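Contents: one structure, followed by commentary.
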Amino acid sequence: MGPMTGLLVIDMQAGLFTPETPRYDAEGVVARINVVADAVRRYGGTVVFVQHDGPPGDTFEPGTAGWQLLPSLERKPQDARVRKTACDAFYRTELGTTLDARNVRRLLVTGCATDFCVDTTIRAALSRDYEIVIVADGHTTADRQHVDAKSLIQHHNWLWRELIHPKMRIEVIPATEVIARLAEPS
């Protein structure tokens, strides 16, 4: 996939992964994100951790325990971090500037929550003409009142493949295939 590739790791924060807020296959998702991030770095790409900032008193108030990225995520000094206040990681953030500075035009997308910030950011990226590859087993969410998390993830993986855009097509592939493609010569 080459050096124009960036991996987005969206909202993998402690406040979203508590015993009261279990996420589907959380350990597996974190493990796959770490392996994909390692491959992205190895092949000259950029890793961007997106972190949600909540208002004072919120679970995601900057500097609080809930705001911190999961300690099981492997971060490196060269990785970028972008802070956001909306579901859309591009909305009034430095994400676009960060990606432009590193010449990123292809985004690999991972994170939490599938049906909120991950979905919103994917749609925003598509509107900005990024090539998008969703790591099918690299995002997670919680059970909702009307549907379980596994079904939500399957539904969004199907939905993203079907989104219509005149120039771009979203790919949804498992982490193992993403890593294999990263290893292919550009």
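The values are calculated or read from the model by the stated rules, or taken from the named source; none is laboratory data. Everything quoted here is computed from the prediction, not taken from an experiment. These accessible areas exclude ligands, DNA and RNA; they are computed on the full protein's heavy atoms, side chains included. Shrake-Rupley method; radii C 1.70, N 1.55, O 1.52, S 1.80 Å.
With contacts taken as Cα pairs under 8 Å and at least 6 residues apart, the chain reaches a relative contact order of 27 percent.
Spatially, segment 8-24 and segment 75-99 are offset by 18 Å when compared through their Cα centroids. Note: segment 53-161, Cα convex hull, 127 Å³ per residue. The Rg/Rh ratio for segment 33-99, using Cα coordinates for both the radius of gyration and the Kirkwood hydrodynamic radius, is 1.00. Each residue of segment 87-93 was assigned a 3J(HN,Hα) from its phi angle through the Karplus expression (A = 6.51, B = -1.76, C = 1.60, θ = phi - 60°), giving 4, 7, 5, 8, 5, 6, 10 Hz with x at Gly and Pro. Normalised per residue, the accessible area of segment 97-142 is 30 Å², obtained with a 1.4 Å probe and no contribution from ligands, DNA or RNA. Rolling a 1.4 Å probe across all protein chains gives residue 20 an accessible area of roughly 150 Å².
3J(HN,Hα) along segment 128-136: 9, 6, 7, 6, 10, 10, 8, 6, 4 Hz, from the Karplus curve 6.51 cos²θ - 1.76 cosθ + 1.60 with θ = phi - 60°, whole Hz, x for Gly and Pro. Of all DSSP beta bridges confined to the chain, the antiparallel ones make up roughly 5%. The share of accessible area on the chain that comes from carbon and sulfur is 52 percent, using a 1.4 angstrom probe. Counting only Cα atoms, the size of the chain along its three principal axes is 45, 36, 29 Å, in decreasing order.
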